[in-house]
Amino acid sequence: MERKSKINYYLDIAQTVATRSTCLRKHYGAIIVRNDVIVSTGYNGAPRGRQNCSDIGGCLRDKLNIPRGERYELCRSVHAEANAIISAARESMLGADLYLCCVDPRSGATVPGTTSCQMCKRLVINAGIRRVYVREDGDAYSVYEVEDWIKNDDSLGQIGY
């Protein structure tokens with residue numbers, strides 16, 4: 001029996017964390033790992049004390065037919081990466097890795113090609129995280145160097161600089 005790679009071990013944990021998500025569109029799970037120790041976990045859901053979309057039985061972004069990646073200010077949820085970052089001390093995140101998995105709640109299948117939104121990228125940068133691993137399918141994954149997000153600042157083109 002072949003031993004699972006450390007990366008897929010952590011991605012499996014992120015996928016399990018995603019099962020706590022209360023979003024009706026996509027279930028995300030994130031974990032932050034530093035020096036082979038899990039620092040924190042997070043999944044997407046409404047802020048503590050507020051009702052989740054799963055509780056109220058609807059999603060405003062779905063109702064308005066808003067595509068993925070747009071109008072996040074209308075979303076009730078705090079993203080998985082943000083929740084994982086909020087739950088950790090900054091010293092624990094410096095040089096750490098973040099593992100992210102997205103699952104379609106209707107099919108239970110991993111959603112390939114999913115990475116952090118622009119807001120979460122900014123949070124990841126400021127947290128001092130060095131690398132993001134994203135599950136694609138099965139044991140396949142993509143790796144994003146956070147330093148590249150800093151160097152290739154795609155937000156500058158959006159405002160005409």
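Computed from the coordinates by the stated procedures, all read-outs in this text should not be read as laboratory data. Given the structure is predicted, the values throughout are model-derived calculations rather than measurements. Ideal geometry is used to build each Cβ from the backbone, glycine not excepted, and the neighbour counts take in all protein chains shown.
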Per-peptide average of other Cβ atoms within 10 Å, ordering 110-120, 31-41 highest first: 31-41, 110-120
The stretch 1-54 versus the stretch 103-125: alpha-carbon centroid distance in Å: 11 Å
DSSP-defined beta bridges in the chain - what % are antiparallel, rounded to 5: 85 percent
Ratio Rg/Rh, restricted to the chain and using Cα atoms, in which Rh is the Kirkwood radius: 0.97
Assigned charges on the beta-carbon of Lys, Arg, Asp, Glu; the stretch 6-159 dipole about Cα centre (debye): 560 debye
Relative contact order, percent, the stretch 32-127 [alpha-carbon distance under 8 Å, six or more residues apart]: 35 percent
Anchor Lys151: lysines whose Cα lies under 27 Å away (excluding residues fewer than 8 positions away in-chain): Lys121
Partner aspartates and glutamates for Lys26 [C-alpha distance under 16 Å; skip if fewer than 8 residues away on the same chain]: Asp55, Asp62, Glu70, Glu81, Asp104, Glu136, Asp137
Projected label distance in nm at Arg3 and Arg130, using a 7 Å step from Cα toward the beta-carbon: 2.2 nm
Computed over the chain: relative contact order in percent, which uses C-alpha pairs under 8 Å that are six or more apart: 22 percent
Segment Asp139-Glu73, length gained on full extension (0.36 nm per residue, minus Cα span): 20.5 nm
